[in-house]
Amino acid sequence: MIKTVNFHIKELENMKKYPKNLYYIGNINLLKKNKISIVGSRTPNQYSCKIIRQLSNKLSQAGVCIVSGGALGIDTIAHKSAGLGNTIMVAGTGLDKKYPAINTKMIKKIEENGLIISQFEVGVKSFKYNFPLRNELIVALGNVLIVAYADKNSGTMRSIKYALKMGKKIYVLPHRLGESNGTNQLLKNKQA
């Protein structure tokens with residue numbers, strides 16, 4: 001059942017504009033836990049997948065809740081590796097939509113055991129402009145941002161810009177030259 005968050009979430013004060021409404025399905029108490037946001041490519045390399053799988057699992061075992069966006073690739077790996085009862089998925093649609101459809105089974109399990117949250121009303125579809133707003137919410141909820149893999153002109157780089165504006169610490173995986181050029185640039189500029 002979709003409910004409305006009826007209390008103020010301090011972490012979201014860092015957003016450009018606090019969301020007018022927040023809707024959720026699941027365990028709202030996960031918002032009270034220490035949280036780390038994990039984002040990255042929908043098409044990561046094997047190295048990124050392996051490290052995020054291990055990192056999400058270890059952080060979850062240490063009591064940290066993993067926040068991500070439910071997309072294919074790194075998001076899915078982060079959610080599943082944390083355990084679907086210790087993860088927060090931030091949706092880019094209304095909560096009556098299961099997006100992406102290929103993750104419907106995972107999304108339903110997060111609804112039953114974890115938490116799905118959205119700033120979009122019931123009926124809102126997956127419009128392109130929703131996802132930058134979703135990304136800002138993902139970044140705001142976490143104490144820090146971990147970026148697994150990002151090309152220079154990717155949506156993940158927008159999440160990094162939000163984290164920099166919010167003064168969040170950013171952690172990235174080291175990659176070989178020619179891979180994850182966005183995160184390699186952050187390391188070069190000493191921004192991560």
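The values are calculated or read from the model by the stated rules, or taken from the named source; none is laboratory data. Since we're looking at a predicted model, the values are computed, not measured. All Cβ positions, glycine included, derive from the backbone under ideal geometry; neighbour counts span all protein chains shown. These accessible areas exclude ligands, DNA and RNA; they are computed on the full protein's heavy atoms, side chains included. Shrake-Rupley method; radii C 1.70, N 1.55, O 1.52, S 1.80 Å.
Taking the average, over residues, of other Cβ atoms within 10 Å as the packing measure, peptides 121-129, 163-171, 178-186, 140-148 rank 140-148, 178-186, 163-171, 121-129 from highest down. Here's the picture: a label point sits 7 Å out from the Cα of Ile28 along the beta-carbon direction, and within the stretch 99-114 the residues with their amide nitrogen under 19 Å of it are 110-114.
Stretching Asn153 away from Gln46 to a fully extended chain increases their span by 36.5 nm, per 0.36 nm per residue minus the current alpha-carbon distance. The value of relative contact order for the chain, using C-alpha pairs under 8 Å at least six residues apart, is 23 percent.
Counting only DSSP H runs of at least 4 residues, each contributing -39500 (n - 2.57), and dividing by the residue count of the chain, the helix-based mean residue ellipticity at 222 nm comes to -10500 deg cm²/dmol. Give the residue from Gly70, Asn45, Ser56 lying farthest towards the positive end of the charge dipole for the stretch 29-85; charges sit on Cβ (+1 for Lys and Arg, -1 for Asp and Glu) and the dipole is referred to the Cα centre. The Cα lying farthest towards the positive end belongs to Ser56. The structure-derived value of Cα extents along the principal axes in Å appears in the list (1) 47, 32, 31; (2) 51, 38, 33; (3) 57, 31, 25 under the label (1). The distance between label points at Asp96 and Gln185 comes to 4.0 nm (points 7 Å beyond Cα on the Cα→Cβ vector). Solvent exposure of the stretch 1-146 amounts to 48 Å² per residue of accessible area, where only protein heavy atoms count and the probe is 1.4 Å.
Residues Met157, Met89, ordered by accessible area of protein heavy atoms at a 1.4 angstrom probe radius and largest first, appear as Met157, Met89.
What pairs from Lys109/Lys168; Lys50/Lys109; Lys32/Lys188; Lys105/Lys188 go past 32 Å between their alpha carbons? Pairs exceeding the cut-off: Lys32/Lys188; Lys105/Lys188.
Note on the stretch 3-132: with charges restricted to the Cβ of Lys and Arg (+1) and Asp and Glu (-1), its dipole about the Cα centre is near 160 debye. For the chain, the carbon plus sulfur part of the accessible surface works out to 52%, probe radius 1.4 Å.
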